[in-house]
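Trainee: Just dropping this structure here.
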Amino acid sequence: MAELLTDEEVSDRLPDGWERDGDEIVRTFEFDSYLEGVGFAAGAGGLAEEAFHHPELTIGWREVEARLTTHDAGGITGKDVELAGRFNELAD
């Protein structure tokens, strides 16, 4: 099982655009159209599956909110910040 990051480690390692919300990290990605957001969510789902991770992805009009936490560890781990970085790369 992955080890929880300390508050300082979360702050130091949080990728651009992400913020902490309790035991999760969260970012809302914005797109020019609804279908671009759907495409991003599909790609993010594929990345998550490869990482054996299960984020919450909420698709809205021209935006997708992603929430990451490591459920079996009970909070934020290196797996979360790593996947957040991969989501950022996907959105660029």
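Trainee: Report which label in [x] 21, 12, 12; [y] 23, 13, 11; [z] 42, 15, 13 holds the value of semi-axes √(5λ) of the Cα gyration tensor in Å derived from the coordinates of this structure.
Mentor: [y]
Trainee: Could you check the simple spin-label distance between Glu3 and Asp16, using points 7 Å along Cα→Cβ, in nm with one decimal?
Mentor: That separation, rounded to one decimal, is 3.0 nm.
Trainee: Further question on the same structure: Where the centre of each part is set by its Cα atoms, how far does region 72-92 sit from region 1-52, in angstrom?
Mentor: 5
Trainee: Can you tell me the 0 to 90 degree angle between the C-alpha axis of helix 78-91 and the longest principal axis of the chain, rounded to 10?
Mentor: It works out to around 20 degrees.
Trainee: Can you give the local net charge around Val64? Use residues other than it whose beta-carbon is closer than 11 angstrom to its beta-carbon, Lys and Arg +1, Asp and Glu -1.
Mentor: With Lys, Arg at +1 and Asp, Glu at -1, the net is -2.
Trainee: If you take every residue apart from Glu30 with its C-beta less than 12 Å away from the C-beta of Glu30, what net charge results, scoring Lys and Arg +1 and Asp and Glu -1?
Mentor: After counting each charged neighbour, the total is -2.
Just so you know, all these numbers are worked out from the coordinates, no wet-lab data involved. Keep in mind it's a predicted model, so treat the numbers as computed, not measured. No Cβ is skipped: glycine too gets one built from the backbone with ideal geometry, and neighbour counts run over all protein chains shown.
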